[in-house]
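Taking it in order: structure first as structure tokens, then the write-up.
Throughout, read-outs are computed from the coordinates displayed, never taken from laboratory work. In this text, all values refer to a predicted model and were calculated from it rather than measured experimentally. All Cβ positions, glycine included, derive from the backbone under ideal geometry; neighbour counts span all protein chains shown.
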Amino acid sequence: MNVVVTGANRGLGLGFVKYYLALGANVWACYRSEKNNLDMIDSDNLNCVRWDVVDEKDNSFISESKFPETIDILINNAGIYGPKKESGQSLDSVTARLILDLVDVNCLGPLRVVQRLKPMLIATSGKIANISSKMGSSEDNTSGGCYAYRASKACLINISKSMAIDLAPNNIRVVSLHPGWVRTDMTDYNGLIDIETSVAGMANVIDNVDNYSPGEFISFDGKVIPY
Ligand SMILES: NC(=O)c1ccc[n+]([C@@H]2O[C@H](COP(=O)([O-])OP(=O)(O)OC[C@H]3O[C@@H](n4cnc5c(N)ncnc54)[C@H](OP(=O)(O)O)[C@@H]3O)[C@@H](O)[C@H]2O)c1
């Protein structure tokens, strides 16, 4: 099994790398600039590829030869939160620039990656998991605020749905995932669950993606999230 993970040098991305290596998969771990923890993994099945998902130049230079001819699972995990203090993304403070920057990484990043790796996914009728967030669900939004992050993750859920429909004829399954509230750098380690629990849950959803409608938004615990 060949697995590609973006934003793989820390947090949930690194968790996915370790999870799939433990299963015996070949893993292509993509990192933005620093490999960090990836250097500490001793495995012949690990391949590290530098890939900043916003960099159009990087994107065109990402040569297919850096990846396998077939990809079974692509995990679009790379993401940013933006200013963490509520006041940094409030109605009064949020700027168009901030929203565009978050959309660029969190939504256009996965789109670019899929555009680049589509042939290898088609070759094996692979699966695409786009890591969104419950904060991208309008239905779940009862507290307002956080304009940039919410918009970027809602945007990702929507492009995932289109991808699911467009790639269905190629037998590629696409799902949006919510990892839960996980103890990583992004949450300043304040989450409710650890990386291992979140990753194992999301991997289980990916395994069982055929039980869900194309493009559905699923929590790490298997529950469908209205969006
Ligand atoms: N943690 C949670 O509770 C939670 C909840 C809901 C959704 N999520 C989502 O889950 C995903 C992973 O989150 P996390 O908690 O593991 O976050 P994290 O610890 O902050 O890690 C984010 C990862 O994304 C990478 N990244 C950021 N911008 C990138 C770019 N332009 N190109 C390539 N890689 C880039 C980072 O690379 P660098 O090290 O180079 O910065 C890092 O590897 C994100 O999409 C996040 O929005 C997380």
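Helix content alone sets the calculated 222 nm mean residue ellipticity of the chain: runs of n ≥ 4 DSSP H residues at -39500 (n - 2.57) each, divided across all residues, give -10500 deg cm²/dmol. Ranked by how many other Cβ atoms sit within 10 Å of their own Cβ, fewest first, the residues Met202, Met40 fall in the order Met40, Met202. Gain on full extension, evaluated as 0.36 nm per residue between Ser138 and Asp44 minus their Cα-Cα distance, stands at 29.5 nm. Computed over the chain with a Gaussian network model linking Cα atoms closer than 10 Å, the most mobile of Ser137, Ser176, Ser87 is Ser87.
Counted residue by residue at 0.36 nm each, then reduced by the alpha carbon distance between them, the extension gain from Leu192 to Ser125 reaches 20.7 nm. Looking at the square roots a ≥ b ≥ c of the eigenvalues of the Cα gyration tensor of segment 102-227, which shape do they give, rounded for a/c under 1.5, prolate if a/b is larger than b/c, or oblate? Prolate. Ranked for footprinting exposure by Cβ neighbours inside 10 Å, fewest first, Phe220, Phe16 give Phe220, Phe16.
Test of understanding: ordering Lys153, Lys118 by Cβ neighbours within 10 Å, fewest first, what list do you get?
With the fewest neighbours first, Lys153, Lys118 line up as Lys118, Lys153.
Within the listed set Ser65, Ser160, Ser125, the residue fluctuating most in the Gaussian network model of the chain (springs between alpha-carbon atoms under 10 angstrom) is Ser65. Within the chain, the proportion of Cα pairs with more than 31 Å between them is 15 percent.
In plain terms, the chain from Ala200 to Asn158 could stretch by 12.7 nm, reckoned as 0.36 nm per residue minus the Cα-Cα distance.
All other residues whose Cβ lies under 15 angstrom from that of Leu23 are scored, Lys and Arg at +1 and Asp and Glu at -1, for a net of -2.
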